[in-house]
Structure formats: C-alpha cells, structure tokens
1. Here are I47, I34: which of them is out of contact with any Cys (no Cβ under 6 Å at 6 or more places or on another chain), assigned to a helix (DSSP H, G or I) and modelled with pLDDT of 95 or more?
2. At pLDDT 95 or above and in a helix (DSSP H, G or I): is that true of R118 in this structure?
3. Within region 163-182, can you find the residues that are surrounded by fewer than 18 Cβ atoms within 10 Å (Cβ to Cβ) and among the hydrophobic types (A, V, I, L, M, F, W, C)?
4. Restricting to region 115-133, what's the tally of residues that are touching a residue at least 24 places away in the same chain (Cβ under 8 Å) and either surrounded by fewer than 16 Cβ atoms within 10 Å (Cβ to Cβ) or touching a His at 6+ places or on another chain (Cβ under 7 Å) (or both)?
5. May I ask you to list the residues in region 156-201 that are part of a loop (DSSP other than H, G, I, E, B), without any contact (Cβ under 8 Å) to a residue 40 or more places away in the chain and either closer than 17 Å to L117 by Cβ or among the hydroxyl-bearing types (S, T, Y) (or both)?
6. Could you check, for region 80-89, whether at least one of its residues is part of a loop (DSSP other than H, G, I, E, B), free of Cβ contacts under 8 Å to residues at least 60 places away in the same chain and within 30 Å of V190 (Cβ to Cβ)?
7. Do any residues in region 94-108 that are farther than 15 Å from R125 by Cβ and in contact (Cβ under 8 Å) with a residue 40 or more places away in the chain have Cβ atoms under 9 Å from those of residues that are surrounded by 20 or more Cβ atoms within 10 Å (Cβ to Cβ) and among the charged types (D, E, K, R), where the two are at least six apart or on different chains, and which pairs are they?
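The values are calculated or read from the model by the stated rules, or taken from the named source; none is laboratory data. Keep in mind that what you see is a predicted model, and the values were worked out from it rather than measured. Cβ placement follows ideal geometry from the backbone for every residue including glycine, while neighbour counts extend to all protein chains displayed.
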Amino acid sequence: MASPADCLPWLPGGFMVTVRALLFWALVYSYCAICACIELLKLLWSIGRSPGKTFQRIIRENPPACLSDPSLGTHCYVRIKDSGLRFHYVAAGERGKPLMLLLHGFPEFWYSWRHQLREFKSEYRVVALDLRGYGETDAPSHQENYKLDCLITDIKDILESLGYNKCMLIGHDWGGMIAWLVAICYPEMVTKLIVVNFPHPSVFTAGLGRGGFPCSVAGVLGG
C-alpha cells in the first residue's frame, strides 16, 4: 500500500512559475513589513503612555468556563497506535450514529466547532478534534513530527480508535489541507468531504510554485 506521501501531488516546476512565485512572495513580504511597522509604532505609543499596562499579563487559574459547557459534548482522550500520541477531542451525539469528524485550522482548537457540535449531534456522532500540537493533544517537539504524512496517519488511526471505518470529514484552513489529503490517500474512509478555506492540494501547490514558499508542502513532507 502506498504511503500518504506517495499520494501527494508533485510541486510544479518551470521558470515562469518560479518568477510568479517570487513576485507573489515579494508582495506578501512587503505588505507584512508595512503592517509590522504600523503595529510597532502602535506598540511604542502604548508603551510610552502606559508601560505597566502594556506588559501586564493575567494568569488564569482555571480554563474559561465556556470550554466546559456540557451542551457542547464530552471531553475524551484517545492514544493512537502509530505514533503513541494522546489526542483530545470533544464528542456529541450518540455512539453508533454516523461519524462527523471535524478538523480545525491554524491556530485554533476544537472549540472552533462549538456551533457544529450542537447543530449536528442529533443526527451524527460529532467529534471535534484537537490536532497534533494543539489544545490538550500531545505536542511533539521536533519539526519532523509535523510532516503531512504524520498528520494524515493521525486521522486514519483516530478514526479506527473511535471504532469507525469511515466518516464525513470536515476541515477548515490547515485542517482542510489534512482533510483533502486523507480523502486522497484513504478514499474508502471518507463518505463525504467538506473543506472550508483551503483549495485542492494540486491548486495550492501550483499557486506556490516550486521553491516559491519557504515552508512548502514538499518541505513539510521532507521531499
């Protein structure tokens, strides 16, 4: 069986693609530099007016009460077989109903799906996951532990650990990227795929161009 990495699209090449990518990122970095200068000036102004308040921090003894709202579901943990990592998720709806698996974006966690947990629990077993490195899920320290093939395998193993062999898979942002690739690599596990705010991987990589993004899909994969 092909590994998840074998299922991923190759990055396109070509001189014009590279030029386009360079121009795109030149504009992105220029825009970011302007925004950074504006924010720096605002910070300096705030420090000048009230330095103590600017650097004040609040230490929370307990998490916000909204995270423990019982109407959202039950907090659960599962340790998956491939990596041995412990994953946190919130589940709503009866066991045995069709599974709706929700993958959040960056830099979010399960709570992003609070409305969906309430809305669909009457028809589905709704599971909102904290992805690897987020929320209460284990966070390995080395970069190689966050390659896309690892993230794809996480979802396959979690699905099996929950006692299902297929699900409706919904992803947003970076979770959308993972959802796309799970559907590509393990189509038999996905009954329906819904992706918000992330294009198909082939479109994504074509837009970036080979070497056009310092942390490209190929780089994350180690390819």
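1. I34
2. In short, yes.
3. Residue satisfying the conditions is M168 alone.
4. So the answer is 5.
5. Residue satisfying the conditions is Y186 alone.
6. Yes, region 80-89 contains a residue that is part of a loop (DSSP other than H, G, I, E, B), free of Cβ contacts under 8 Å to residues at least 60 places away in the same chain and within 30 Å of V190 (Cβ to Cβ).
7. H104/D130
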